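**Student:** Take this structure, written in structure tokens, and hold onto it; I'll ask about it next.
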Amino acid sequence: MTSKANDPETGRAVLKAWLKEKSPLGPLRVMAERVGRFFQVPLPGFKPYIVYGPEAARKVLVSDREKFLWRNNDPVTELLNRGVLVTDGAEHDQFRHLMEPSLHPGLLHAYTQMMLGQTDRVTATWQDGQTLDMLVESRKIALLIIMQALFSVDIWDDLPRLWPSILKVIDYISPGAWILWRRIPRPGYGRHLRAVDEYLYKIIRERKQAGRTQNDLLGHLLDAGLEEDRIRDQMLTMLIAGHDTSTALLAWTFALLGQHPHQMQELSSQLDSALGESAPGAKPAWQPPFLDEIIKESLRLYPPIHIGNRMVAEDCAFGEGETMRAGSRMFYSIYLTQRDPAIWEDANSFKPERFAKGRKTPPMSYIPFGGGPRACIGAAFGQAEARLVLARLLQGWEFSLLNGDKIHPHMGATLEPRPGVMMKVTRRKP
Ligand code: HEM
């Protein structure tokens, strides 16, 4: 490893970035700038490898993927137990195979009306001129959608009761002091984790009692004869992975549009021309290309899953003479890859046009959904949802951002805009 990683000047720059940005993203950027695409975090008791860039992504996700295993011994695995996200080998493939049909891109149109309906339910509670946190509103919409789509459950009435518990579960798996002290006591979580579990087990039992009535993801898991605990693991995995990411994507997109009002105006007018009086999704070619460009650029700048976490199972050669040692932790950084100035012109600026039709990005340099056989199972679903929800909201409302200068990325379970995305919402004239 290059000596730059350990020189005092790098240490000072890392510390400065940490204090300034109050997030590990700053220090990671400093290390990347000063050391390159392969380095080790120099913390006492925590020295994971960080890799980024297209070669790293290809190695970790495709060519050498057998040398990397999913997490072990961390709160994510503890919580999700044997969920598809945290299992390896044949067990992983079995779960993935069972769940893929419900998320198949060819079937997504079946969710269109439901996604619009859930969005409308949330906006029906809004008042003209009100100030809202779009991080919160996006989470409501995303939760209603994922529960209905995958488990045919309407979570609306239970949402006020479950809300604090769901947030606590997310907090449980977010980076924190447990990284340095794995068994640090974490009081206050047990009750909330149990509340979410009880809710999921109740859904499983009610469905069993009702007999098979739905051809949804839960139905596929039950049909396969999985035991209740394994079904709970998959449900919790999909609930968290399938809504916290969509929440972050929608919230960041609103933050970016709020910070770039001309682009928001342009998108709104393009949607008006494309849709006329009809609802998003009603006509086959309803989407103006700019909608997709904006979502893609939002995912580039603020990838909800900004880092992929693995254990090195076998020594793995890397770059020029570097080796990742078996037994170490390794992170591949989606955030650093997607902001690498060697790949992206004006890498830190919001420029949706870089995704305009005909313009190409180098392979494995744009990886918001990971890649290879373990790429995001919900990638098509999440993007369809973001396009529909965003279009529906812009069709009915105008948004103006009130705290644009305060928003910064927070490393939770996903990369979240904190302290929230405060927007004034104004109903558009019919
Ligand atoms: C909309 C934004 C989303 C983003 C940016 C996103 C991102 C990702 C990424 C980067 C990975 C790979 C992680 C790794 O390599 O370590 C992943 C995996 C996964 N995602 Fe997503 N995701 C999104 C939506 C969803 C949705 C809607 C669902 C479920 C309906 C979902 C379920 C999963 C699952 C289960 C995995 C693990 C797949 C496996 O290991 O085989 N995600 N996601």
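The values are calculated or read from the model by the stated rules, or taken from the named source; none is laboratory data. Given the structure is predicted, the values throughout are model-derived calculations rather than measurements. Every residue, glycine among them, receives a Cβ derived from its backbone with ideal geometry; neighbour counts consider all protein chains shown.
**Student:** Only residues in the stretch 53-75 that are touching a residue at least 40 places away in the same chain (Cβ under 8 Å) count as the first member; pair them with residues that are within 14 Å of the ligand (Cβ to nearest atom) and of a type in the set (D, E), Cβ under 9 angstrom, at least 6 apart or cross-chain, and list the lot.
**Tutor:** Within 9 Å, the pairs are R58/D64; L69/D88; W70/D88.
**Student:** Among residues belonging to the stretch 277-326 that are surrounded by 20 or more Cβ atoms within 10 Å (Cβ to Cβ) and basic (K, R), point out the one that is nearest to P417 (Cα to Cα).
**Tutor:** That would be R300.
**Student:** Okay, next question. For S400, all conditions in the list (1) in contact with a strand residue (DSSP E or B) (Cβ under 9 Å, 6 or more places away or on another chain); (2) polar (S, T, N, Q); (3) within 24 Å of E33 (Cβ to Cβ) hold save one; what is the number of the exception?
**Tutor:** Tallying (1) in contact with a strand residue (DSSP E or B) (Cβ under 9 Å, 6 or more places away or on another chain); (2) polar (S, T, N, Q); (3) within 24 Å of E33 (Cβ to Cβ), S400 fails exactly one: (3).
**Student:** When you go through (1) within 13 Å of the ligand (Cβ to nearest atom); (2) over 19 Å from the mean Cα position of the chain (by Cα); (3) modelled with pLDDT of 95 or more one by one for R329, which number turns out not to apply?
**Tutor:** Every condition holds for R329 apart from (3).
**Student:** Scan (1) of a type outside the set (D, E); (2) within 16 Å of the ligand (Cβ to nearest atom); (3) assigned to a helix (DSSP H, G or I); (4) touching a Lys or Arg at 6+ places or on another chain (Cβ under 9 Å) for the single condition P368 breaks and write down its number.
**Tutor:** (3)
**Student:** I need the full set of residues from the stretch 160-215 which are surrounded by 13 or more Cβ atoms within 10 Å (Cβ to Cβ) and in contact with a strand residue (DSSP E or B) (Cβ under 8 Å, 6 or more places away or on another chain), in order please.
**Tutor:** S174, P175, I179
**Student:** For E385, all conditions in the list (1) of a type outside the set (F, W, Y); (2) within 21 Å of the chain's Cα centre (by Cα); (3) more than 9 Å from the ligand (Cβ to nearest atom); (4) crowded, with 19+ Cβ neighbours inside 10 Å hold save one; what is the number of the exception?
**Tutor:** (3)
**Student:** Among the residues in the stretch 85-98, are any within 15 Å of the ligand (Cβ to nearest atom), in contact with a helix residue (DSSP H, G or I) (Cβ under 9 Å, 6 or more places away or on another chain) and under 30 Å from T426 (Cβ atoms)?
**Tutor:** Taking every residue of the stretch 85-98 in turn, none turns out to be within 15 Å of the ligand (Cβ to nearest atom), in contact with a helix residue (DSSP H, G or I) (Cβ under 9 Å, 6 or more places away or on another chain) and under 30 Å from T426 (Cβ atoms).
**Student:** Within the stretch 349-358, how many residues turn out to be assigned to a loop (DSSP other than H, G, I, E, B) and touching a helix residue (DSSP H, G or I) at 6+ places or on another chain (Cβ under 8 Å)? Full working, then the answer.
**Tutor:** At the first step, the residues of the stretch 349-358 found to be assigned to a loop (DSSP other than H, G, I, E, B) are 349-351, 356-358.
Now narrow it down to the ones that are touching a helix residue (DSSP H, G or I) at 6+ places or on another chain (Cβ under 8 Å): 350-351, 356-357.
Residues flagged as assigned to a loop (DSSP other than H, G, I, E, B) and touching a helix residue (DSSP H, G or I) at 6+ places or on another chain (Cβ under 8 Å) within the stretch 349-358 amount to 4.
**Student:** Of all residues in the stretch 30-74, which are surrounded by 19 or more Cβ atoms within 10 Å (Cβ to Cβ), more than 16 Å from the ligand (Cβ to nearest atom) and of a type in the set (K, R)?
**Tutor:** R37
**Student:** Considering the stretch 122-134 alone, what residues qualify as being exposed (fewer than 14 other Cβ atoms within 10 Å of the Cβ) and either of a type in the set (S, T, N, Q) or touching a residue at least 24 places away in the same chain (Cβ under 8 Å) (or both)? Reasoning before the result, please.
**Tutor:** Narrowing the stretch 122-134 to residues exposed (fewer than 14 other Cβ atoms within 10 Å of the Cβ): 124-125, 127-131.
Hits for the stretch 122-134 are T125, Q127, D128, G129, Q130, T131.
**Student:** Scan the stretch 85-96 and report the pairs whose first residue is more than 13 Å from R230 (Cα to Cα) and whose second residue is more than 8 Å from the ligand (Cβ to nearest atom), with Cβ atoms within less than 8 Å and a gap of 6+ or a chain change.
**Tutor:** Partner pairs satisfying both residue conditions: D88/L69.
**Student:** Consider D133 against the criteria (1) within 20 Å of A251 (Cα to Cα); (2) in contact with a helix residue (DSSP H, G or I) (Cβ under 7 Å, 6 or more places away or on another chain): it satisfies all of them except one. Which criterion is unmet?
**Tutor:** The failed condition is (2).
**Student:** List, please: which pairs have Cβ atoms under 8 Å, are six or more places apart or on different chains, and start with a residue in the stretch 378-395 that is closer than 13 Å to A248 by Cα and end with one that is near the ligand (Cβ under 7 Å from one of its atoms) and part of a helix (DSSP H, G or I)?
**Tutor:** Close Cβ pairs (under 8 Å, with a partner that is near the ligand (Cβ under 7 Å from one of its atoms) and part of a helix (DSSP H, G or I)) amount to G382/G242; G382/T245; G382/S246; G382/L249; E385/S246; A386/S246; A386/L249.
**Student:** Quick one: K357 ticks every box in (1) within 21 Å of P289 (Cβ to Cβ); (2) touching a Pro at 6+ places or on another chain (Cβ under 9 Å); (3) within 16 Å of the ligand (Cβ to nearest atom); (4) touching a residue at least 60 places away in the same chain (Cβ under 8 Å) except a single one, so which number is it?
**Tutor:** (3)
**Student:** Could you identify the single residue in A375, A347 that is over 30 Å from D120 (Cα atoms) and away from the ligand (no atom under 16 Å from the Cβ)? Steps first, answer last, please.
**Tutor:** Details: A375 fails: away from the ligand (no atom under 16 Å from the Cβ).
Of the residues listed, the single one that is over 30 Å from D120 (Cα atoms) and away from the ligand (no atom under 16 Å from the Cβ) is A347.
**Student:** Does at least one position in the stretch 224-234 carry a residue that is in contact (Cβ under 8 Å) with a residue 60 or more places away in the chain, buried (at least 21 other Cβ atoms within 10 Å of the Cβ) and either within 13 Å of the ligand (Cβ to nearest atom) or among the aromatic types (F, W, Y) (or both)?
**Tutor:** yes
**Student:** To continue, here is another question. Please work out which one of (1) within 16 Å of the ligand (Cβ to nearest atom); (2) of a type in the set (K, R); (3) in a helix (DSSP H, G or I); (4) touching a residue at least 24 places away in the same chain (Cβ under 8 Å) is the condition R82 fails and give its number.
**Tutor:** (3)
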